[in-house]
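> Here it is, the structure in full.
FYI, it's all coordinate maths here, none of it is from the lab. Quick caveat: nothing in here was measured; it's all calculated off a predicted structure. Here Cβ is always computed from backbone atoms with ideal geometry, including for glycine, and neighbour counts include all displayed protein chains.
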Amino acid sequence: MTRYSIPPLPPWAQVSDRRRAHIDRVVELLAQWAERLALPEDEASRWLSAGVLHDALRDAPEPMLRALSGDGTTGVDYLHGPAAAVRAEQDGERRQDVLDAVRFHTVGSTTWQRTGKVLYLADFLEPGRSFLVSERKFLAAQVPHDFDAAFRQCVRLRIEWSLKQDGDLFPPTIEMWNQR
């Protein structure tokens, strides 16, 4: 149990039980890190809100994702973040760092504040994923001790994993890696 208040999934969310379990693991990891870092309530709230919202539309139909995101060309697997950010803003979310974290959590952003970076970390490092288990567990344990180094290593791991899987590399991800 965390000392921080975890926001509920919004009523407009469209997630499967499997996706909901992922969201819960991401939020739990964010809460653990927030507690270990003794974050002020405001920053912890930002982290937890981003965690709850990041995949809130992961299982929404493609036409809805395209309408919300305004994107008619990007692969559908990458539209849930932008769509959820738009929907969260329509629902009253005004914290730009939370919206940017949700919007870009799949591909990254060089303009992120710590909220975006920590969501990127938690989404990749959450313990329910079945690949690179020992590497991700080790890295997750490092986040409270050296946030910046853990983030950089996470970006590296995500790029390496994507290359091994013949996955997409997005310009924002490469820019994050190249940023000093």
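> At 0.36 nm per residue, minus the direct Cα-Cα distance, what do D42 and R20 gain on full extension? Give it in nm, one decimal, please.
5.5 nm
> Where the eigenvalues come from the Cα gyration tensor of the chain, what are the semi-axes √(5λ) of the equivalent ellipsoid, largest first, in whole Å?
Working from the Cα gyration tensor, I get semi-axes of 23, 21, 15 Å.
> Over the chain, what is the relative contact order in percent, taking alpha-carbon pairs closer than 8 angstrom and at least six residues apart?
Reported as a whole number, the value is 20 percent.
> For the stretch 95-145, just run the numbers: alpha carbon Rg, then divide by 2.2 N^0.38 Å, N being how many residues it has.
1.19
> Using +1 on the beta carbon of Lys and Arg, -1 on that of Asp and Glu, and nothing else charged, what's the dipole of the stretch 17-178 about the Cα centre, debye to 20?
Approximately 260 debye in magnitude.
> For q values of 0.12, 0.19, 0.24, 0.25 Å⁻¹, compute log₁₀ I(q)/I(0) with the Debye formula on a Cα-only model of the stretch 1-75, without solvent.
Values, matching the q order: -0.39, -0.79, -1.02, -1.07.
> Going highest first, how would you order 126-138, 22-34 by mean Cβ packing within 10 Å?
22-34, 126-138
> I would also like to ask the following. If you project the alpha carbons of the stretch 97-180 onto their three principal axes, what span does each projection cover, largest first, in Å?
Reported extents, whole Å, longest axis first: 31, 30, 24.
> I'd like to know which of V143, S130, T106 lies farthest towards the positive end of the charge dipole of the stretch 17-178, counting +1 on Cβ of Lys and Arg and -1 on Cβ of Asp and Glu.
Of the options given, the answer is S130.
> Sort the following peptides by mean Cβ neighbour count (other Cβ atoms within 10 Å, averaged over residues), highest first: 66-75, 93-102, 144-153.
Listed from highest to lowest mean packing, they are 93-102, 144-153, 66-75.
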